[in-house]
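The values are calculated or read from the model by the stated rules, or taken from the named source; none is laboratory data. These figures come from a predicted structure and were not determined experimentally. For neighbour counting, all protein chains shown are included, and Cβ atoms are generated from backbone atoms with ideal geometry for every residue, glycine included. Heads up: the accessible areas ignore ligands, DNA and RNA and are worked out on the full protein's heavy atoms, side chains in. Shrake-Rupley method; radii C 1.70, N 1.55, O 1.52, S 1.80 Å.
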Amino acid sequence: MLWAMGMGVAMLLTIVYLVRLVIHKLPPKEAIATVFIPLGPFGQASYGIQLLGVQAARLFPTELPQIAYLGQILQSIGFFVGLLIWSLATWWFAHAVYAMIYTRVHGRIPFHLGWWALIFPISTFAASTNSLWNMTGYTFFGAVASLVIVGVALLWLSIVVVTICYAWTGELFKAASVVRLELQTREPEDCDSEGPEECLE
């Protein structure tokens, strides 16, 4: 029940996010890390439905022996549904990586605390991939899971180090969005005195 409710809400919000991307394109560089957030519900939903299937296969023979066969059926359903959602998560992961690379090519991406939003979504994707590997034993899933786990560990370590450095220098507490808002709300005479390039940044 909780899985179905959470997955339904996540899909609705993802549709809204996709419509926003179609209409307004990618988020600004200050918020580009948020493109990974929808990956979290997909990865967690895939991992959760797989675990539900595994637990069904374990509990039905002991708790409901008269319909013990239903546990294996539910495990198979959990696997295939999890694989389907994992495929969607893989597509979104590729889209998010491309968005980050595209934004970086067109300018520097400023660091801020929002970068921590990368950790949980990628971790759920790693968990779902690792679960598929445990259930199937396929080398492909094992290799992908290993790469993602190592990548998210290095990403976490990098963000920790950069967060400490930025906090030490005080740069972490300067909100880029606030600075941009101040520039956009300046009086016209201030812009005239400072030059047009100051107001267009």
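Here are the numbers for the structure shown:
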{"quantity": "Per-region count, the stretch 49-85, residues in contact (Cβ under 8 Å) with a residue 24 or more places away in the chain, more than 30 Å from TYR102 (Cα to Cα) and open to solvent by 20 Å² or more (accessible area, probe 1.4 Å)", "calculated": "7"}
{"quantity": "Subset of the stretch 130-142 (residues that are assigned to a helix (DSSP H, G or I) and loosely packed, with under 12 Cβ neighbours inside 10 Å)", "calculated": "THR139, PHE140"}
{"quantity": "Candidates LEU84, LEU88, LEU118 - the one that is at pLDDT 85 or above and closer than 30 Å to THR163 by Cβ", "calculated": "LEU118"}
{"quantity": "Top-ranked residue in the stretch 137-168 [being β-branched (Val, Ile, Thr) and free of Cβ contacts under 8 Å to residues at least 12 places away in the same chain; ranked as nearest to GLY78 (Cα to Cα)]", "calculated": "THR139"}
{"quantity": "Hits in the stretch 12-48 (condition: without any contact (Cβ under 8 Å) to a residue 24 or more places away in the chain and among the charged types (D, E, K, R))", "calculated": "ARG20, LYS25"}
{"quantity": "Options ALA145, ALA127, ALA99, ALA94; residue that is touching a helix residue (DSSP H, G or I) at 6+ places or on another chain (Cβ under 8 Å), open to solvent by less than 80 Å² (accessible area, probe 1.4 Å) and closer than 18 Å to THR34 by Cα", "calculated": "ALA99"}
